[in-house]
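The values are calculated or read from the model by the stated rules, or taken from the named source; none is laboratory data. Here the structure is a predicted model, which is why all the values come from computation and not from measurement. For neighbour counting, all protein chains shown are included, and Cβ atoms are generated from backbone atoms with ideal geometry for every residue, glycine included. Keep in mind that these areas ignore ligands, DNA and RNA; they rest on the heavy atoms of the full protein, side chains included. Shrake-Rupley method; radii C 1.70, N 1.55, O 1.52, S 1.80 Å.
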Amino acid sequence: MQTVHTIADLRALLSGRGRPAFVPTMGNLHEGHLGLVRQARALGDVTVASIFVNRLQFLPHEDFDSYPRTLQRDADLLRGEGCDVLFAPREADLYPEPQTFTVQPDPRLADMLEGHFRPGFFTGVCTVVLKLLSCVFAGSPGVAVFGAKDYQQLMVVRAMARQFALPVQIACGQTCRAADGLALSSRNGYLSEAERAQAVQLFAALRSLAQGALAPGADLPALEQHALAALRAQGWQPDYLTVRQRSDLQAPRNPQAGQLVALGAARLGNTRLIDNLEF
Ligand code: PAF
């Protein structure tokens, strides 16, 4: 595996190598990321992963400074998975001047849920993703793999790629879960032992919400309020727990028609976790 830091070096390395299959990450890799890399390997000619903790997608009070940076360990893991190229730009490589041009995603998709509780998050995500895609796919079209755990992010990125006619197919990687059902996330590392034991309660809450929503005549707003109260009673501070249509993340017009997803975000101590469940 070759590691490059600059855009010019990345483009030179990829030139003539065929279709890139790309996995963008912020590092501190876990089995979930490695699964995306394995998936990517089967989709292109050259497998590329990026590691970049993107300042633009963090609010001032969030964990940009403390976000775990474990580049050497991550590089070893990627090499072990047969990744061909690691693009690990420094901040000055990706943002050599202040990034004053940004991508404003459709507010109907990006201002709810994560975007409501983390204003500007999807502008930061889209801006860096557009830039990373333009670095990786300069010479050839290809595919980029995004994890389903960040459900809304995947939808926003897909819409951006479609509307800008980017030469990239956006593939979805399944969420990887620990044995107890907790979705793997770099932020799980912030949890204390006691919090880790409790953390699966978020997924359990989504499962019961989904179960309730399927009952004939289900009152979704009441079920959501009940789920929020139950999580609060277990010591969490939930941002949202909700059932939406998969197509546009709007409240379902006809829950019995199916194609739904339960989405949730909640804080346990100082750690904010998100998860979702299609049903
Ligand atoms: O999902 C992530 O890790 C990040 O949001 C991404 C897509 C790498 C952009 O910084």
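Once the convex hull of the C-alpha atoms of the chain is built, how many Å³ does it hold per residue, rounded to a whole number?
Dividing the Cα hull volume of the chain by its residue count gives 129 Å³.
Normalised by the residues of the chain, what does the relative contact order come to in percent, with Cα pairs under 8 Å and at least six apart?
On the way: 484 pairs, mean separation 49.4, N = 279.
Contact order relative to length: 18 percent.
Rounding to the nearest 20 debye, state how big the charge dipole of region 1-105 is about its Cα centre with +1 on each Lys and Arg Cβ and -1 on each Asp and Glu Cβ.
Once rounded to the nearest 20, the dipole reads 340 debye.
Under the Karplus relation 6.51 cos²θ - 1.76 cosθ + 1.60, θ = phi - 60°, what is the ordered set of whole-Hz ³J(HN,Hα) values for region 188-199, x standing for Gly and Pro?
Ordered by residue, 3J(HN,Hα) equals 4, x, 7, 6, 6, 4, 5, 5, 4, 5, 8, 4 Hz.
Above 22 Å lies some portion of the pair distances; for region 35-148, what is it as a whole percent of all C-alpha pairs? Present the calculation step by step, with values, prior to reporting the outcome.
On the way: 2665 of 6441 pairs.
The share of Cα pairs beyond 22 Å in region 35-148 comes to 41 percent.
Starting from the residue with the highest accessible area, list THR100, THR175 in decreasing order, probe 1.4 Å.
THR100, THR175
Using Cα-Cα distances under 8 Å and only pairs 6 or more residues apart, what relative contact order does region 206-266 have, in percent?
Working: 77 pairs, mean separation 22.3, N = 61.
Once normalised by length, the contact order is 37 percent.
Provide the FRET efficiency to the nearest 0.05 for the ARG17-GLU278 pair, computing r from the beta carbons and using R0 = 41 Å.
Efficiency, from the Cβ-Cβ distance: 0.70.
Quick check for me: using +1 on Lys/Arg Cβ and -1 on Asp/Glu Cβ, what's the dipole size of the chain about its Cα centre, in debye to the nearest 20?
So the magnitude is around 420 debye.
Along the charge dipole of the chain, which of ALA257, HIS5, VAL243 sits closest to the positive end, that is, farthest toward it, with unit charges on the beta carbon of Lys, Arg, Asp and Glu (+1, +1, -1, -1)?
Farthest towards the positive end: ALA257.
Find which of TYR151, CYS176, SER192 sits farthest along the positive direction of the dipole of region 131-215, computed with +1 on the beta-carbon of Lys and Arg, -1 on that of Asp and Glu, about the Cα centre.
TYR151
Taking every DSSP beta bridge that has both residues in the chain, what percent is antiparallel when rounded to the nearest 5? It would help to have the intermediate numbers written out before the result.
Details: 17 of 37 bridges.
So the antiparallel bridges amount to about 45 percent of the total.
How large is the charge dipole for region 182-240, taken about the Cα centre, if only the Cβ atoms of Lys, Arg (+1) and Asp, Glu (-1) carry charge, to the nearest 20 debye?
Result for region 182-240 is approximately 120 debye, rounded to the nearest 20.
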